[in-house]
1. At 222 nm, what value in deg cm²/dmol follows for the chain if DSSP H runs of at least 4 each add -39500 (n - 2.57) and the sum is divided by all its residues, to the nearest 500?
2. Arrange 149, 125 by Cβ neighbour counts within 10 Å, fewest through most, would you?
3. Take the Cα coordinates of segment 52-163, assign each an equal point scatterer, and use the Debye formula without solvent to give log10 I(q)/I(0) at q = 0.20 Å⁻¹.
4. How big is D, in µm² s⁻¹, for segment 192-232 by Stokes-Einstein at 37 °C and 0.692 mPa s if Rh is the Kirkwood radius over C-alpha pairs?
5. Remind me, what semi-axes does segment 23-111 give for its equivalent ellipsoid, largest first in whole Å, using sqrt of 5 times each Cα gyration tensor eigenvalue?
6. Report the normalised scattering of segment 92-233 as log10 I(q)/I(0) at q = 0.13, 0.19 Å⁻¹, calculated by the Debye formula with identical scatterers on the alpha carbons.
7. For segment 22-92 and segment 131-209, what is the centre-to-centre distance using only Cα atoms, to the nearest Å?
8. Using just the Cα positions, wrap the chain in a convex hull and report its mean projected area in square nanometres, one decimal place.
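Nothing in this text is a laboratory measurement; each read-out follows from the coordinates by a stated rule. Not measured: the values here are computed from a predicted model. Using ideal geometry, Cβ is built from the backbone for each residue, glycine included, and neighbour counts are taken over all protein chains shown.
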């Protein structure tokens, strides 16, 4: 009895220390989020509505703002489906097959994470600019890529193409090839196997990657800034238009347009959380099913 008391006191002391550390870490994390996320986000909307709702809405009547919104939507509408197709093809090849150059392909997929967006934009200028490698030939054939919509789309595709592939590859690797092989052995074709077996198994990870890709495509600044030329009403996306308005000291309009990106971020965060939960549930269900399949083998 007497020997147990010091042990209980030590356990109680350790428990108190662990609780103190736990709540201290939680408080520090919440303070950090409030300082660097909540306060700036609130400041964007406060500044946007500083002169009232009419001034906020009138910021979107500007033809340059409408053009920037339209160009941003067009760019995302091209970049996201392109990266969706690429991500699926790359993930399928890497996760389901062994081939020479597989690790090289994985490294190239991660390249936009390692290269500054500004550098990637400069690469396109070096390739397609008037004084670039292909510039004279493009100029002779009256084809303009840099300082035009094609250059903006190419730069956006480059900085966003890892998102879908990087979300789908780990899940495909985890699932293996057993289900596809079973479908093929039962007479299913390649497309039937993809649509009825592979795609349903990766749908949440795929949507998760698409959401992240779309958010980055609409909010990209560095690479697009280099290749756009900042032609107002023609080659400015929403982030570039916000920069121009801010440099002109038109703060209400700048923050009003920026609030669109902020709302996109909030929606993306909500959808991202939902998809993370769905993806976790899917992985738990898959792991549970795999454990149940292996249970009879262990009994034998």
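1. On the way: 16 runs with 235 residues, N = 300.
Mean residue ellipticity at 222 nm (helix-derived): -25500 deg cm²/dmol.
2. Numbers: 149 16, 125 20.
By the 10 Å Cβ count, ascending, the order reads 149, 125.
3. -1.10
4. On the way: Rh = 12.7 Å.
In µm²/s, the coefficient rounds to 259.
5. Working: eigenvalues 327, 150, 14 Å².
The answer is 40, 27, 8 Å, longest axis first.
6. Log-scaled intensity ratios, in q order: -0.72, -1.06.
7. When both Cα centres are located, 24 Å separates them.
8. Working: hull surface 106.8 nm².
Mean shadow area of the hull around the Cα atoms is 26.7 nm².
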